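Step one of this worksheet: look at the structure below.
Please treat every number below as a calculation from the coordinates, not as lab data. Because the structure is a prediction, the values reported are computed rather than measured. Positions of Cβ are generated from backbone atoms using ideal geometry, with glycine treated the same way; all protein chains shown enter the neighbour counts.
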Ligand code: GLU
């Protein structure tokens, strides 16, 4: 098992330790032996590659990339590809494990995987990013494919990245393979509704959580951390559902307006300036302060570990809906449970993306595409089923939602493994 990391100032040891602790707890609740625990704790396959890149000025740089396949007991591995300067192997391992639980929880016929390249994409041209993507893809080529491991976008990557990956894989195969990756452009075998799916799923679970607490969407308030693909859509769909979004943020800062933010105007401002800061119709506030605002819904939709032992006690939201993967550390989870905050865990709240990735893969494999309304209603059905199952499990085991969701998912994966048996 990967060795533990040092504790940081906020009391967290990093996402991999959080992921391992969540698994350890589920294994204890389910009463599995150490053999099963070790099997689920260890990635099945992982590769680290060097990516030599010729920059536009002719100089050469060597980047590092990873692909971790955590598990494939239930089907091909599935998970995004992240481009970020903070990417390291342990982060990718944690994200791959969470993908296994997410896919099992949503009852998708997939295992879990994740990829990452240590790069700040904002500092590279589109042509350079294309060369990085194609070289990374060719380095991991034997591992991926529609029946092996199906990448998708994550932080720092998008539909263009997926088009380059699909093309690189297809050229090497000698024919076009649309099911190689998901999150592709709609004009290239992507699915209608994929781009907004994660945000839609976040809002569907947020509204279910409000109903569970006896609250109406109209009159409820929300703060959204992160204004990328997930946060931006979540804020818009929350507002459409009648929730007053009173704060939003990105890496550069946060803004707050207790009367509600005009999201259309904010999106236009972000298009123009590249950031939410200096939005006229709101007050600039500290990023940390956004997490402690008195709201009904707090939606962390950026990166891991933002709610930690150092600030969890100050969270005043009634519900935390995790748009990001791993935004709450395990020590923060314990504090939030003590103060009675409902946490809708990432593997449920942000699963809309991979659910519609699954729909995209099914459509691409059949070469038969669905209407957007069909995608959206099938997504809503999946999210509702998973929400009800997690709630029932939490009730039955008397556990917080994250632990219940992890137990449900781990049980499904362990059961698939048991039925397949050990070879040889
Ligand atoms: N990167 C997204 C996630 O973390 C989507 C993964 C996928 O669609 O495979 O869930």
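What's the long-distance tail for segment 85-125, i.e. % of Cα pairs beyond 15 Å?
Working: 408 of 820 pairs.
Percentage above 15 Å: 50.
Using C-alpha pairs below 8 Å separated by at least 6 residues, the relative contact order for segment 181-259 is 25 percent.
In the elastic network of the chain, a GNM with C-alpha springs shorter than 10 Å, the most mobile of 83, 169, 368 is 368. Placing a label point 7 Å from the Cα of residue 267 along the Cα-to-Cβ direction, the residues of segment 367-388 with a backbone N closer than 18 Å are 372-373, 376. Only helices enter the 222 nm calculation for the chain: every DSSP H run of n ≥ 4 contributes -39,500 (n - 2.57), and dividing by all residues gives -14000 deg cm²/dmol, rounded to 500.
How high is the FRET efficiency from residue 398 to residue 286, r the C-beta distance, R0 56 Å, rounded to 0.05?
Values: r = 37 Å, r/R0 = 0.66.
The calculated FRET efficiency here is 0.90.
Taking the centroid of alpha carbons for each part, segment 68-124 and segment 407-422 are 20 Å apart.
Report, to two decimal places, the Cα Rg of segment 213-364 normalised by 2.2 N^0.38 Å (N = number of residues).
On the way: Rg = 15.2 Å, N = 152, 2.2 N^0.38 = 14.8 Å.
Its radius of gyration relative to the 2.2 N^0.38 Å reference: 1.02.
Going by the alpha-carbon gyration tensor, a ≥ b ≥ c the square roots of its eigenvalues, is segment 361-424 rounded (a/c under 1.5) or, if a/c is not under 1.5, prolate (a/b greater than b/c) versus oblate? Oblate is the answer for segment 361-424, as a/c is 1.5 or above yet b/c matches or exceeds a/b. With N as its number of residues, segment 106-236 has a Cα radius of gyration that, divided by 2.2 N^0.38 Å, comes to 1.26. When each of 102, 86, 123 is scored by the number of other beta-carbon atoms lying within 10 Å, the sequence from fewest to most is 123, 86, 102. Distance between the C-alpha centres of segment 227-267 and segment 349-396: 25 Å, rounded to the whole angstrom. The modelled label-to-label distance between residue 216 and residue 362, using points 7 Å beyond Cα along the C-beta direction, is 3.6 nm. Here the Gaussian network model covers the chain, with springs between Cα atoms less than 10 Å apart; of 72, 227, 279, 279 fluctuates the most. Relative contact order for the chain: 17 percent, from Cα pairs under 8 Å spaced at least 6 residues apart, divided by residue count. Secondary structure note: in the chain, about 50% of the DSSP beta bridges are antiparallel. Largest GNM mean-square fluctuation across 134, 38, 200, computed for the chain with C-alpha springs under 10 Å, falls on 38. For the chain, place one equal point scatterer on every Cα, skip the solvent, and apply the Debye formula. What is log10 of I(q)/I(0) at q = 0.08, 0.11 Å⁻¹? Ignoring solvent entirely, the Cα scatterers give -0.41, -0.80.
Relative contact order, percent, of segment 345-424 when contacts are C-alpha pairs under 8 Å separated by at least 6 residues?
Numbers: 33 pairs, mean separation 23.7, N = 80.
Computed value for segment 345-424: 30 percent relative contact order.
Take the Cα radius of gyration of segment 54-110 and divide it by 2.2 N^0.38 Å, with N its residue count; two decimals is plenty. Numbers along the way, then the final one.
Values: Rg = 15.0 Å, N = 57, 2.2 N^0.38 = 10.2 Å.
Normalised Rg, Cα atoms only: 1.47.
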